[in-house]
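The values are calculated or read from the model by the stated rules, or taken from the named source; none is laboratory data. Note that the coordinates shown come from a computational prediction; the quantities given were computed from them, not determined experimentally. Here the Cβ is made from the backbone with ideal geometry for all residues, glycine too, and neighbour counts use every protein chain on show. SASA here: full protein model, heavy atoms, side chains in, ligands and nucleic acids out. Shrake-Rupley method; radii C 1.70, N 1.55, O 1.52, S 1.80 Å.
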Amino acid sequence: TTGRTRGESRLRRASPLTLTQYPPSSIPLPQLVWEQVRAPDPVRNEALVDNTDASMPGTRRTRNHERDRFRSFAGEASGNGFAQLFKPPVDLLYSGQFHEAKRKGTEELRYLVVNLQAVDEFASHTLNRDTWKNKQVRAVIKEACILWQFYGSEEQGAQFQSLYPGACASLPVVAILDPRTGQLLHHWAGMVQPNELYNKLKELMQSHPLEQLTRPAKRPKVLSLHSDADEEAALAAAIAASLADGPQAQVIEVKDTPHKSEPGQPELKPQLCCDEPPEPAAGGPNSTKLKIRLPDHSWVVRRFDMEVPIEMVRQFVRWKLPDARIREFELLQSYPAKSLNSTEQTLEQAGLKNAQLLANWIEDTIEL
C-alpha cells in the first residue's frame, strides 16, 4: 500500500499543469506554461464581394479574376514592382471588338496585329514584358498597325479562334492580318522576339503594301427611267396645255424611254424580278452550308447543292437583297481570300464546301 501511494504521488507531480485545474488566482504556474500560450488574434473588419465579371458594363472585377494572377496590388499602389513588369501595353491596345478593329484598320490602311493570350502560359506575360515594350516594335505599331489583344478564354478571343482555327492551335498567338480582306499574312505561336516581329512587319510593308490594293471609290449608279430631255419636254407641254383656251384640257402622253448610259460606261439594265433559287434538303449528300455577308453587312446562312454554279449564289443574293438587282456586286471568298469571277464554275470546283463568302458592291470591292 505504501509503494502504491508513493507511485501515485510521483505520477501526480509529473503530470502537466492545465489552466482549468489550476487557475492563476489560486496556484502560481511555472513560467514555461505561460510562454506556450499564444497571443489572441488581432481584430479586423473585412467586406465580402461577389465574383462579378469585369467584361459586363457597370461591374467591377474582383481580385480572383484570371487576369489578376500575375498582379501585385501593393506594387501597383506604389507605381512599381512585379505587376508593372508584366503590364499589358494599354497605350497601344485597341479597346473595341474584332470587327471594329478590322474596320478601323481598313479606314486608316493599317495592318491588324492580333495577340491572343492564355493566362496560364507564361509566354503570354513575357510578350507584355519584352515584345510590346520594345522601342522599335512600339514605333512600327504606332506608325502602321493596330494592336488587338484578348485572352482566349474570353468571348472575343473565342470568336477569333473560330475564324482562324489553324493559327490558334496553341496559345499565345501573334497574328498579322490584312484588315480589308481578313487574310492571315503571318502568325507565331508562343513567344515572339521583338526583332523578329519588327523585321516581319517591315517586310510586309514592302511586299504587301495596303495602299496598292485599294480601288478608288466610284459613285453608285442610279437607275433612271426618263432622260432629262424627255422630262423637260413633258413639263413644257403641260404648262402650255394649262394656259391654252378651250373647255377641254389637252392630254399629254409621256412614253418611257430607255436610259442611255454615258459614253464609255456599260448600260445598266435593271432586273425587276428574281426568283429564289431552290434549296436542297438538310443532310443531303451533296448539300453544303454557305455563310454569306450581304452588301448591307448583314449575314445569312443558306444551303446549296455542290453541283450548282456560282451564279446560283449570285441569284440568291439578288433575291435576298433587292438593291442587288440594280447595282453591281462581286462575290469574294473570305479565307483564303480570292475573287469568285467565274460564274459557270460549280461550288465543288471552286472548293466552297462550308465556306464563308462576302458580297460587296463594285465601288466598295477591294482588288485581290
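The residues of region 280-299 that are in a loop (DSSP other than H, G, I, E, B) and either out of contact with any Asp or Glu (no Cβ under 9 Å at 6 or more places or on another chain) or free of Cβ contacts under 8 Å to residues at least 12 places away in the same chain (or both), listed by number, are ALA281, ALA282, GLY283, PRO285, LEU294, HIS297, SER298. Could you list all residues from region 102-143 that are over 17 Å from ALA175 (Cβ atoms), part of a helix (DSSP H, G or I) and either out of contact with any Phe, Trp or Tyr (no Cβ under 6 Å at 6 or more places or on another chain) or β-branched (Val, Ile, Thr) (or both)? Within region 102-143, ARG103, GLU107, GLU108, PHE122, THR126, ASP130, LYS135, ARG138, ALA139, LYS142, GLU143 meet the criteria. Taking every residue in region 308-334 that is under 24 Å from SER287 (Cβ atoms) and pairing it with any residue that is charged (D, E, K, R) and assigned to a loop (DSSP other than H, G, I, E, B), at least 6 positions away or on another chain, the pairs with Cβ-Cβ distances below 6 Å are PRO309/GLU344; TRP319/GLU276.
When restricted to residues that are hydrophobic (A, V, I, L, M, F, W, C), loosely packed, with under 10 Cβ neighbours inside 10 Å and either out of contact with any strand residue (DSSP E or B) (no Cβ under 9 Å at 6 or more places or on another chain) or at pLDDT below 80 (or both), region 270-285 contains 2.
For region 160-192, what are the residues that are of a type in the set (Gly, Ala, Ser) and either open to solvent by 40 Å² or more (accessible area, probe 1.4 Å) or not in a strand (DSSP E or B) (or both)? Selection gives SER162, GLY166, ALA167, ALA169, SER170, GLY182, ALA189, GLY190. What number of residues in region 328-345 are aliphatic (A, V, I, L, M), surrounded by fewer than 18 Cβ atoms within 10 Å (Cβ to Cβ) and modelled with pLDDT of 85 or more? Here the count works out to 0. Here GLY58 meets each of (1) modelled with pLDDT of 90 or more; (2) surrounded by fewer than 17 Cβ atoms within 10 Å (Cβ to Cβ); (3) part of a loop (DSSP other than H, G, I, E, B); (4) not charged (D, E, K, R) with one exception, condition (1). Please determine whether any residue of region 302-316 is within 24 Å of the chain's Cα centre (by Cα), closer than 20 Å to LEU163 by Cα, at pLDDT 85 or above and among the basic types (Lys, Arg). So far as region 302-316 goes, yes, one or more of its residues are within 24 Å of the chain's Cα centre (by Cα), closer than 20 Å to LEU163 by Cα, at pLDDT 85 or above and among the basic types (Lys, Arg).
Taking each residue of region 144-159 that is assigned to a loop (DSSP other than H, G, I, E, B) and looking for partners that are open to solvent by 40 Å² or more (accessible area, probe 1.4 Å) and not acidic (Asp, Glu) with beta-carbon atoms closer than 9 Å, six or more apart or interchain, yields GLY152/ALA158; GLY152/GLN161; GLY152/LEU171; GLU154/SER55. Checking region 309-327 against the condition returns a match, with at least one residue being open to solvent by less than 20 Å² (accessible area, probe 1.4 Å), aromatic (Phe, Trp, Tyr) and more than 22 Å from PRO179 (Cα to Cα).
If you check ARG302 against the conditions, is it buried (at least 16 other Cβ atoms within 10 Å of the Cβ) and free of Cβ contacts under 8 Å to residues at least 24 places away in the same chain? When the stated conditions are applied, ARG302 passes them.
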